[in-house]
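I have placed the structure first, in the form of structure tokens, so that the comments after it can refer back to it.
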Amino acid sequence: MATKCGNCGPGYSTPLEAMKGPREEIVYLPCIYRNTGTEAPDYLATVDVDPKSPQYCQDELHHSGWNTCSSCFGDSTKSRTKLVLPSLISSRIYVVDVGSEPRAPKLHKVIEPKDIHAKCELAFLHTSHCLASGEVMISSLGDVKGNGKGGFVLLDGETFEVKGTWERPGGAAPLGYDFWYQPRHNVMISTEWAAPNVLRDGFNPADVEAGLYGSHLYVWDWQRHEIVQTLSLKDGLIPLEIRFLHNPDAAQGFVGCALSSTIQRFYKNEGGTWSVEKVIQVPPKKVKGWLLPEMPGLITDILLSLDDRFLYFSNWLHGDLRQYDISDPQRPRLTGQLFLGGSIVKGGPVQVLEDEELKSQPEPLVVKGKRVAGGPQMIQLSLDGKRLYITTSLYSAWDKQFYPDLIREGSVMLQVDVDTVKGGLKLNPNFLVDFGKEPLGPALAHELRYPGGDCSSDIWI
């Protein structure tokens with residue numbers, strides 16, 4: 001799955017080389033049973049996405065990352081054979097062997113929470129990234145008791161032993177969630193959701209009023225492993241997914257702020273400090289029959305194409321997937337929008353009273369005879385930028401609260417065709433993976449990973 005050369009490591013030499021990679025044939029994604037009523041363990045699904053395959057759209061079997069990626073391209077001793085799956089609630093880390101038999105992954109190792117608690121004093125694990133050192137780094141949301149603590153667990157990339165924390169002792173951020181690093185600028189930036197005790201059982205608007213949800217970015221010195229700047233976000237409640245531009249020389253990127261439904265651009269100033277500005281605002285809709293009188297879009301995932309031309313994000317509550325041209329990063333331009341379910345569809349319990357964007361409520365989404373519950377959430381883009389894959393579950397406790405049908409019927413995986421010339425999005429009506437028909441009961445499918453790496457796992461140095 002790598003560029004052809006005599007002495008290469010995993011992945012690709014550059015983002016643009018990655019765009020020339022082979023078409024994806026299988027996708028890995030974790031499936032969740034917590035809060036569904038089914039007493040069964042979560043599992044890793046392998047889905048065939050090769051249109052020429054007789055198993056096309058079939059499931060052959062929280063966030064995940066690799067033991068190594070394109071950051072190790074120059075090291076021929078490294079190979080991308082293990083998928084690392086941190087558990088948000090239990091704090092276990094599952095290491096899955098996908099190299100021996102890619103279509104039949106097997107469990108390689110389980111790292112127990114007690115090892116992480118003892119060596120790191122961290123828990124509630126989320127984002128995993130591989131480092132050029134060969135190590136694996138995983139972000140945390142809290143400490144063992146569920147209080148907020150944005151630290152980072154460091155694993156040996158070969159043995160998967162817990163080495164300790166990446167940050168210096170006592171140097172964790174107040175809250176945590178996602179992170180991305182850009183070594184050429186000696187920087188890492190991390191985001192924050194809320195303390196696990198605040199978010200784990202559902203969303204309470206009173207917690208927003210009490211200031212318990214995050215609204216900051218933390219700028220870290222990559223070499224010294226310490227916070228050097230805290231960026232306060234105006235109109236930036238719950239900054240979740242963060243992406244630097246893929247170009248390793250770039251000193252800017254974007255973060256999606258879920259509750260405020262904004263995209264914020266962060267960038268490096270001439271003096272070496274960092275700043276942030278709002279570049280996209282999804283206006284809320286005034287509604288009747290919902291939790292609050294105004295419904296935010298709730299931006300829950302964002303992606304950048306490997307050529308840094310397009311930004312994609314999902315509005316999980318409003319139900320639309322969007323594509324923006326970011327050729328001018330300060331002025332993103334909307335080039336594609338597609339409704340894939342959501343909370344404001346016609347015939348549902350929510351009535352839209354005022355809407356700055358739509359003239360009427362969108363139709364419910366039916367694909368291959370199934371009415372899709374939930375809204376677009378996790379997204380993944382093919383290497384060539386021509387196909388988007390989407391799943392519809394956010395987090396089981398919030399799924400249960402906002403989309404009860406999703407718990408009863410299970411989530412789905414969809415595929416959207418992308419116009420990379422003029423911009424535009426079109427649903428593939430022949431693609432549907434229905435996780436409502438799993439043998440043990442409906443499951444909640446989450447983040448998507450390709451065996452050869454993808455837009456949200458690989459970082460170039």
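The values are calculated or read from the model by the stated rules, or taken from the named source; none is laboratory data. What you see is a predicted model, and the numbers here were worked out from it, not measured in a lab. FYI the Cβ positions are ideal-geometry reconstructions off the backbone, even for glycines, and counts take in every protein chain you see. Protein only, heavy atoms only, side chains kept; ligands, DNA and RNA dropped before computing areas. Shrake-Rupley method; radii C 1.70, N 1.55, O 1.52, S 1.80 Å.
Evaluation of LEU358 against the conditions (1) at pLDDT 95 or above; (2) surrounded by 15 or more Cβ atoms within 10 Å (Cβ to Cβ) shows that the sole unmet condition is (2).
Residue count for segment 376-394, restricted to those that are open to solvent by 10 Å² or more (accessible area, probe 1.4 Å) and closer than 14 Å to TRP316 by Cβ: 1.
Is it true that some residue in segment 250-260 is touching a His at 6+ places or on another chain (Cβ under 7 Å), within 26 Å of ALA194 (Cβ to Cβ), in a loop (DSSP other than H, G, I, E, B) and small (Gly, Ala, Ser)? No, segment 250-260 contains no residue that is touching a His at 6+ places or on another chain (Cβ under 7 Å), within 26 Å of ALA194 (Cβ to Cβ), in a loop (DSSP other than H, G, I, E, B) and small (Gly, Ala, Ser). Here GLY202 clears all of (1) of a type outside the set (D, E, K, R); (2) on the phi > 0 side of the Ramachandran plot; (3) open to solvent by 60 Å² or more (accessible area, probe 1.4 Å) except the condition numbered (3).
Okay, residues lined up against (1) buried (at least 24 other Cβ atoms within 10 Å of the Cβ); (2) modelled with pLDDT under 95; (3) not acidic (Asp, Glu):
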| residue | (1), (2), (3) |
| --- | --- |
| SER232 | no, no, yes |
| LEU237 | no, no, yes |
| LEU245 | no, no, yes |
| CYS257 | yes, no, yes |
| SER261 | yes, no, yes |
| GLU294 | no, no, no |
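Checked against (1) open to solvent by less than 10 Å² (accessible area, probe 1.4 Å); (2) of a type in the set (Gly, Ala, Ser); (3) within 20 Å of the chain's Cα centre (by Cα), ALA195 passes all but a single condition, namely (1).
When LYS422 is tested against (1) closer than 28 Å to VAL350 by Cβ; (2) open to solvent by 40 Å² or more (accessible area, probe 1.4 Å); (3) of a type in the set (Lys, Arg), exactly one condition is not met: (1). Sort out which residues of segment 300-342 are under 16 Å from SER382 (Cα atoms) and more than 18 Å from the chain's Cα centre (by Cα), and write them in order of number. Selection gives ASP307, ARG309.
Among the residues of segment 429-443, those that are in a loop (DSSP other than H, G, I, E, B) and in contact with a Ser or Thr (Cβ under 8 Å, 6 or more places away or on another chain) comprise LEU440, GLY441, PRO442, ALA443.
A quick yes/no check of all residues on (1) among the acidic types (Asp, Glu); (2) more than 20 Å from TYR218 (Cα to Cα); (3) surrounded by fewer than 18 Cβ atoms within 10 Å (Cβ to Cβ):
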site: ARG80; (1), (2), (3): no, yes, no
site: HIS108; (1), (2), (3): no, yes, no
site: LYS119; (1), (2), (3): no, yes, yes
site: LEU122; (1), (2), (3): no, no, no
site: LEU141; (1), (2), (3): no, no, no
site: LYS145; (1), (2), (3): no, yes, yes
site: PHE152; (1), (2), (3): no, no, no
site: GLY170; (1), (2), (3): no, no, yes
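Take the conditions (1) part of a loop (DSSP other than H, G, I, E, B); (2) open to solvent by 70 Å² or more (accessible area, probe 1.4 Å); SER457 misses just one of them, which is (2). The residue list GLY157, GLY164 contains one member that is assigned to a strand (DSSP E or B) and touching a strand residue (DSSP E or B) at 6+ places or on another chain (Cβ under 9 Å), which is GLY164. The set of residues in segment 262-309 being aliphatic (A, V, I, L, M), farther than 24 Å from THR391 by Cα and not in a loop (DSSP other than H, G, I, E, B) consists of VAL276, VAL279, VAL287. With respect to GLY176, is the statement that it is of a type outside the set (A, V, I, L, M, F, W, C), at positive phi and either surrounded by 23 or more Cβ atoms within 10 Å (Cβ to Cβ) or not in a helix (DSSP H, G or I) (or both) true? Against the criterion (of a type outside the set (A, V, I, L, M, F, W, C), at positive phi and either surrounded by 23 or more Cβ atoms within 10 Å (Cβ to Cβ) or not in a helix (DSSP H, G or I) (or both)), GLY176 does not qualify.
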